[in-house]
Amino acid sequence: MLRYALYARKSDDDRKVTEKSIAEQVAALEEVARAHDLWVARRFEESGSAMVPGRRPLFQEMVRALRSGEVNAVLTWNVNRLARNMEEGGLIAQLFADGRLAEIRTPHETHRTGDNILPLVLQAATSTQFSIELARNV
């Protein structure tokens with residue numbers, strides 16, 4: 001049985017930024033959980049940039065919960081909420097490849113262990129590139 005970690009993150013509290021607020025993400029994810037009868041075992045709501053590895057304590061706590069088997073799936077708004085740097089993107093991909101992370105579900109797509117891992121890795125790499133370009137352009 002899948003035990004989900006609901007993970008919502010917003011990197012900027014500026015309302016002009018197009019990312020959904022944490023509350024909006026959580027509401028949408030709760031609807032997905034209800035619609036698909038998903039068991040959300042843990043919730044992680046975090047504000048802050050994911051561009052630099054190791055700066056998100058709740059992300060790290062979620063990874064510990066995945067490694068321990070407390071949870072084995074993640075429900076999130078978008079893969080880019082999980083990773084904006086290659087170190088943490090690689091960590092998510094490795095947990096996925098090892099089977100400790102059985103599923104990543106968003107309102108728009110689902111990645112499952114045993115599926116092609118390439119789309120997941122490409123999304124993480126694309127998120128990293130976006131952060132690099134944003135930092136350079138700002």
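The values are calculated or read from the model by the stated rules, or taken from the named source; none is laboratory data. All figures in this text were calculated on a predicted structure; none of them were measured in a lab. Note: ideal-geometry Cβ built from the backbone for every residue, glycine included; neighbour counts use all protein chains shown. For accessibility, only protein heavy atoms count, side chains too; no ligands or nucleic acids. Shrake-Rupley method; radii C 1.70, N 1.55, O 1.52, S 1.80 Å.
Of note:
- Pair list, Cβ < 7 Å and 6+ apart or interchain, from the stretch 1-23 residues that are open to solvent by 20 Å² or more (accessible area, probe 1.4 Å) to residues that are β-branched (Val, Ile, Thr) and at pLDDT 95 or above: Arg3/Val71
- One residue from Ala35, Ala93 being assigned to a helix (DSSP H, G or I), at pLDDT 85 or above, open to solvent by 60 Å² or more (accessible area, probe 1.4 Å) and among the hydrophobic types (A, V, I, L, M, F, W, C): Ala35
- Residues within the stretch 1-32 that are assigned to a loop (DSSP other than H, G, I, E, B), modelled with pLDDT under 95 and in contact with a strand residue (DSSP E or B) (Cβ under 9 Å, 6 or more places away or on another chain), tallied: 8
- The set of residues in the stretch 55-88 being assigned to a loop (DSSP other than H, G, I, E, B), surrounded by 24 or more Cβ atoms within 10 Å (Cβ to Cβ) and under 12 Å from the mean Cα position of the chain (by Cα) consists of Trp77, Ala83, Arg84.
- Scanning the stretch 42-54 for residues being surrounded by 16 or more Cβ atoms within 10 Å (Cβ to Cβ) and touching a strand residue (DSSP E or B) at 6+ places or on another chain (Cβ under 6 Å) gives a total of 4.
- Count - residues of the stretch 101-115 that are part of a loop (DSSP other than H, G, I, E, B) and either at pLDDT below 90 or buried (at least 17 other Cβ atoms within 10 Å of the Cβ) (or both): 6
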